[in-house]
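A.B. asks: Let me begin by handing over the structure; questions about it come next.
The values are calculated or read from the model by the stated rules, or taken from the named source; none is laboratory data. What you see is a predicted model; the values in this text were computed from it and never measured. Every residue, glycine among them, receives a Cβ derived from its backbone with ideal geometry; neighbour counts consider all protein chains shown. Keep in mind that these areas ignore ligands, DNA and RNA; they rest on the heavy atoms of the full protein, side chains included. Shrake-Rupley method; radii C 1.70, N 1.55, O 1.52, S 1.80 Å.
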Amino acid sequence: MTENILAPSILSADFKVLGEQLEQTEEAGARYIHFDVMDGIFVPSISFGMPVLSSVKGATSQVLDVHLMVTEPVRYVKEFAACGADIITIHLEACEDPGAALDEIHSCGARAGISIKPATPVEELIPYLERADMFLIMSVEPGFGGQAFIPESLKRIRQLRGLLQERGLEKDLEVDGGIYHSNVAEVLDAGANVIVSGSGVFRGDIRKNVAEFMEILRNHE
């Protein structure tokens, strides 16, 4: 059975005190850190890259969950793996050959994830169900933090979990975008087990926010 995991997104963190905030999330029970890389081409925004990842790697023992929202991410896989990425997720829509990108991630010793945007049919992931270790359903349009959860995402999560179960595959299903204490239970109920939250963790009391998320996640296992 897949374990429920919280992955705080540092896109919403305060970089002046990033090390302290990572420590707070870890002490409160968050096992992953979600690291959003944006190139200004695949998505409108530009975020951060390899130097920041190297710094984060030195500041925490958490699993570094790197989400590449970049065009042709295969170009950067080796560098991100060398900087400490434990999981590297590419976007189906950003790759000429998604399978080759997944193979490149595995060749670097990292776990491989594949993500789709809200408008991409879930069925397009079928060729990769055996090849990826994790699947990421975007529940907002990628590129900006603080957006509202798209309700239709619950149907998509259920559909993807169903496709995996039909094949006897127990894989991680991650969801990213607009998740807070108020709606995380229905996301878990739909079949997700890795929960990304930025504003829901870093806005306000970080330890308290993480602890509340962890209580909900544990109660749904």
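A.B. asks: About the Cα centre of region 103-221, how large is the charge dipole given +1 on each Lys and Arg Cβ and -1 on each Asp and Glu Cβ? Please answer in debye to the nearest 20. Could you put the intermediate results ahead of the total?
C.D. replies: Values: 13 positive and 19 negative charges, 45 e Å.
For this selection, approximately 220 debye.
A.B. asks: Expressed as a whole number of Å, what is the distance separating the alpha-carbon centroids of region 153-221 and region 1-57?
C.D. replies: Cα centres, region 1-57 to region 153-221: 16 Å.
A.B. asks: Return the Cα extents of region 1-90 along principal axes one, two and three, sorted largest first, each rounded to a whole Å.
C.D. replies: Here the Cα extents, ordered largest to smallest, are 38, 35, 23 Å.
A.B. asks: Please work out how much length the chain gains when fully extended from ILE41 to ILE126, using 0.36 nm per residue of separation minus the C-alpha to C-alpha distance, in nm with one decimal.
C.D. replies: 28.0 nm
A.B. asks: Out of all DSSP beta bridges with both ends in region 27-152, state the antiparallel percent to the nearest 5.
C.D. replies: If I count the DSSP bridges inside region 27-152, around 5 percent turn out antiparallel.
A.B. asks: Turning to a different aspect of this structure: Where both partners of a DSSP beta bridge lie in the chain, what percent of those bridges are antiparallel, to the nearest 5?
C.D. replies: Counting only bridges with both partners in the chain, antiparallel ones make up about 5 percent.
A.B. asks: I want the local charge near ILE195. Using Cβ-Cβ distances under 9 Å, sum +1 for each Lys or Arg and -1 for each Asp or Glu among the other residues.
C.D. replies: Around ILE195, the surrounding residues sum to -2.
A.B. asks: In debye, nearest 20: dipole of region 1-78 around its Cα centre with unit charges on the Cβ of K, R (+) and D, E (-)?
C.D. replies: Here the size comes out at about 280 debye.
A.B. asks: Enumerate the calculated ³J(HN,Hα) couplings along region 33-43 in order (Karplus 6.51 cos²θ - 1.76 cosθ + 1.60, θ = phi - 60°), each rounded to whole Hz, writing x wherever the residue is Gly or Pro.
C.D. replies: Couplings: 10, 8, 10, 8, 9, 10, 9, x, 10, 5, 10 Hz.
A.B. asks: Here's a follow-up. Assuming a strict under-26 Å limit between Cα atoms, what lysine pair count do you get for the chain once near-sequence pairs (fewer than 8 apart, same chain) are dropped?
C.D. replies: The number of close lysine pairs in the chain is 10.
A.B. asks: Mind listing which GluC sites (Glu not before Pro) in region 1-109 are in a DSSP loop and have 16 or fewer other Cβ atoms within 10 Å? Walk me through the numbers on the way to the answer.
C.D. replies: On the way: sites: GLU3, GLU20, GLU23, GLU26, GLU27, GLU79, GLU93, GLU96, GLU104; in loops: GLU3, GLU96.
Within region 1-109, the qualifying GluC sites (Glu not before Pro) (loop, at most 16 other Cβ atoms within 10 Å) are GLU3, GLU96.
A.B. asks: I've got another one for you. Using the Kirkwood formula over every pair of different C-alpha atoms, what hydrodynamic radius in Å results for the chain? List each step's numbers first, then the result.
C.D. replies: Numbers: mean 1/r = 0.0585 Å⁻¹.
Kirkwood radius, the chain: 17.1 Å.
A.B. asks: Just the number please: accessible area per residue for the chain, 1.4 Å probe, all protein chains included, in Å².
C.D. replies: About 42 Å² of surface per residue is accessible.
A.B. asks: Using a 1.4 angstrom probe with every protein chain in place, what is the largest-first accessible-area order of ASP97, ASP36? Walk me through the numbers on the way to the answer.
C.D. replies: Working: ASP97 85, ASP36 5 Å².
Largest accessible area first, the residues go ASP97, ASP36.
A.B. asks: Let me ask you something else. Which percent of the accessible area of region 55-166 is formed by carbon and sulfur heavy atoms (probe 1.4 angstrom)?
C.D. replies: 51 percent
A.B. asks: Please compute the Cα-Cα pair-distance distribution of region 2-42 with 10 Å bins starting at 0, giving whole percents from short to long.
C.D. replies: The percentages, shortest bin first, are 26, 48, 21, 5.
A.B. asks: Charges at C-beta only: +1 for Lys and Arg, -1 for Asp and Glu. How large is the resulting dipole of the chain about its Cα centre, in Debye rounded to 20?
C.D. replies: 200 debye
A.B. asks: For the chain, what is the calculated [θ] at 222 nm in deg cm²/dmol (nearest 500), taking -39500 (n - 2.57) for each run of four or more DSSP H residues and dividing by its residue count?
C.D. replies: On the way: 8 runs with 73 residues, N = 221.
That calculation yields -9500 deg cm²/dmol at 222 nm.
A.B. asks: Summing +1 for each Lys or Arg and -1 for each Asp or Glu, what net charge is found among the other residues whose Cβ lies under 10 Å from the Cβ of VAL43?
C.D. replies: -2
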